Amino acid sequence: GNGLSGVGLAAAGNMVKGNYIGTDINGTSAIQNGEVGVIISQADNNTVGGAAGGSCAAPCNLLSGNLYGVVIQSGASGNLVQGNRIGTNPGGTSKLGNTSAGVLVADSSNNTIGGTSSGLGNILSGNGTYGAFIFASGASRSDAADFPSLQQPKRLRLSIATSDTTAVRRLIMGLSSQ
């Protein structure tokens, strides 16, 4: 792994697709990046992934084995995180978790995690704290809504502590395989 992040985006209009970030070439063992698989900071209109099929083939990314799978921060807007496996193996059938959250959105709005069309949902499972955590400045912990996963209630939660317009759609959270 790298000392800090697998991929860092600080410019607009980039696409990250077809990568295994934080794992070996087969996606079966963790090779942790120091902190984040993909970080988007002060950058707009980037895409991580895209419409995925049954297995993690391009444009899907496998983002597992890191501290965080994806981080969107510092006012980044208009970014898409879609069709990825985050915290699982390439097939999405067993866990290979990120140590903390699968997706963290901090102080950024108008980003989309997942989508309403087929293949745009992310599989978020096996992560240490949250599948997805969205937090905006000025939000208090009492504003957060925690939804326990059916399969791993201590490990997978979605927490939203914001009133911004970041959308979370079609998250597939929790796996029965260990």
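Structural remarks
- On the principal axes of its alpha-carbon atoms, the range 1-146 has extents of 41, 29, 27 Å, going from largest to smallest.
- Amide H partners (placed H, <5 Å) of residue 47, local residues excluded: 14, 15, 16, 80
- Length gained when the stretch residue 42-residue 15 is fully extended (0.36 nm per residue, less Cα-Cα span): 8.2 nm
- The order of 113, 25 by accessible area, most exposed first and with a 1.4 Å probe, is 25, 113.
- The packing ranking, built from the mean of other Cβ atoms within 10 Å per residue, places the peptides 37-45, 63-71, 13-21 in the order 63-71, 37-45, 13-21, highest first.
The values are calculated or read from the model by the stated rules, or taken from the named source; none is laboratory data. All figures in this text were calculated on a predicted structure; none of them were measured in a lab. Methodologically, a virtual Cβ is constructed for each residue, glycine included, from the backbone with ideal geometry; neighbour enumeration extends over all protein chains shown. Keep in mind that these areas ignore ligands, DNA and RNA; they rest on the heavy atoms of the full protein, side chains included. Shrake-Rupley method; radii C 1.70, N 1.55, O 1.52, S 1.80 Å.
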